[in-house]
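Structure first, then comments.
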Ligand SMILES: [Zn+2]
């Protein structure tokens with residue numbers, strides 16, 4: 001039972017309160033589109049950069065990195081892990097859309113630090129099927145950034161692996177801390 005569908009019509013902040021979150025997103029989009037002017041951008045990112053980051057809700061990547069609409073590709077998943085699917089996106093990004101640099105953004109207090117590979121066993125016990133994917137949990141965020149950088153640098157599919165840099169973003173201060181790849 002939920003009360004999230006309760007309405008408060010007439011409120012000046014009605015968009016924030018009416019309907020489900022998706023209803024509110026659709027309403028917000030109408031306002032966004034009303035103020036949107038076609039910037040005339042092409043698909044290739046202007047700054048020729050791909051950012052691989054955690055999906056964490058506290059990472060507001062564009063302002064945090066000083067990037068604008070059209071500047072970069074953003075590839076996100078739980079942990080900002082360089083999985084086969086991230087390599088797939090990076091390969092398309094570099095070979096078909098002209099990016100040359102890769103920026104990896106992990107962060108403090110990541111949810112993956114609280115998980116272990118036991119999560120797969122828990123799932124298997126509950127649903128009777130073991131996921132094919134690894135959880136990719138970690139205890140040391142800097143070590144995980146290093147591993148991610150290595151995965152990008154050693155991928156045979158990528159054209160550009162000379163400018164791959166990894167960072168940990170502090171969700172309390174907003175500051176990036178660069179991780180030494182060594
Ligand atoms: Zn995270």
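Taken together, the values in this text are just the output of simple stated rules run on the coordinates, not laboratory data. These numbers come from a predicted model, not from an experiment. Heads up, the Cβs are rebuilt from the backbone with ideal geometry, glycines too, and the neighbour counts pull from every protein chain shown.
Table for the structure above
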item	result
FRET efficiency estimate (nearest 0.05) - Cβ-Cβ, residue 96 to residue 36, R0 35 angstrom	0.85
Residue with peak Gaussian network fluctuation, the chain [Cα springs, cutoff 10 Å], from 136, 126, 27	27
Rough spin-label spacing in nm, given labels placed 7 Å along Cα→Cβ, for residue 29 and residue 85	2.0 nm
Descending semi-axes in whole angstrom, ellipsoid equivalent of segment 97-160, from the Cα gyration tensor	28, 16, 9
Potential lengthening between residue 165 and residue 143 on full extension [0.36 nm per residue; Cα-Cα distance subtracted]	6.6 nm
Residue 20 versus residue 113: modelled label distance in nm, points set 7 Å from Cα along the beta carbon direction	3.4 nm
Max mean-square fluctuation residue, GNM over the chain, Cα-Cα springs under 10 Å, options 151, 24, 172	24
Computed Rg/Rh of the chain, alpha carbon atoms with Kirkwood Rh	1.04
For the chain, calculated [θ]222 nm from helices alone, where every DSSP H run of n ≥ 4 adds -39500 (n - 2.57)	-9500 deg cm²/dmol
Relative contact order [Cα under 8 Å, 6+ residues apart], the chain, whole percent	19 percent
Fluctuation leader among 164, 46, 127 - the chain, Gaussian network, Cα springs under 10 angstrom	127
